[in-house]
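Accompanying notes for the structure given below.
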Amino acid sequence: MEDLLNSLSDSYYGEYDSDEDFAQTTLEQEGSIPENLPFYICIDWEATARHLMYDYMSSNGYYFRN
């Protein structure tokens, strides 16, 4: 049981309102988005979240790495 709880804890990424919020927050925290990104470049967060969710799962707003 303890191993299961540790595994769950290790894969937990937090609580978010949407896949898009999760994707944006996660990528910004990881430093995946350059700070000097020009203002005219727009990120399609819906598409980004759709692709990112192949490696994650969510349940009732809680996000976990697969």
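If you take all other residues with their beta carbon under 14 Å from the beta carbon of residue 28, and give Lys and Arg +1 and Asp and Glu -1, the sum is -4. How far, in degrees from 0 to 90, does helix 19-29 lean away from the longest principal axis of the Cα atoms of the chain, to the nearest 10? Taking Cα atoms only, the helix is inclined about 80 degrees. In the chain, the DSSP-assigned H stretches of four residues or longer account for a calculated mean residue ellipticity at 222 nm of -12500 deg cm²/dmol, using -39500 (n - 2.57) per stretch and the full residue count as denominator. Karplus-derived 3J(HN,Hα) values for the range 35-51, using 6.51 cos²θ - 1.76 cosθ + 1.60 with θ = phi - 60°, are 5, 9, 4, x, 4, 7, 8, 10, 9, 7, 5, 5, 5, 4, 5, 4, 6 Hz; glycine and proline are entered as x.
Split the accessible area of the range 25-66 by element, probe 1.4 Å, and carbon with sulfur accounts for 50%.
Against the chain, whose longest principal axis is taken from its Cα atoms, helix 2-11 shows a tilt of about 10°. Remark on residue 18: its backbone amide H falls under 5 Å from none of the residues 5 or more positions apart or on other chains, H modelled at 1.01 Å from N. At full extension, residue 9 and residue 41 could sit 8.0 nm farther apart than now, given 0.36 nm per residue minus the alpha carbon distance. Near residue 56, the amide H atoms lying under 5 Å from its own belong to 66; only residues 5 or more places off or on other chains count, and H is placed 1.01 Å from N. Note: relative contact order over the chain, using C-alpha pairs below 8 Å and six or more positions apart, is 49 percent. Principal axis extents of the C-alpha atoms in the chain (largest first, rounded to whole Å): 50, 20, 18.
Packing, taken as the mean count of other beta carbons within 10 Å per residue, orders the peptides 32-43, 51-62, 14-25 from highest to lowest as 14-25, 51-62, 32-43.
The values are calculated or read from the model by the stated rules, or taken from the named source; none is laboratory data. What you are looking at is a predicted structure, and each value in this text was computed from that prediction instead of being measured. So basically every Cβ, Gly included, is an ideal-geometry build from the backbone, and we count neighbours across all protein chains shown. For accessibility, only protein heavy atoms count, side chains too; no ligands or nucleic acids. Shrake-Rupley method; radii C 1.70, N 1.55, O 1.52, S 1.80 Å.
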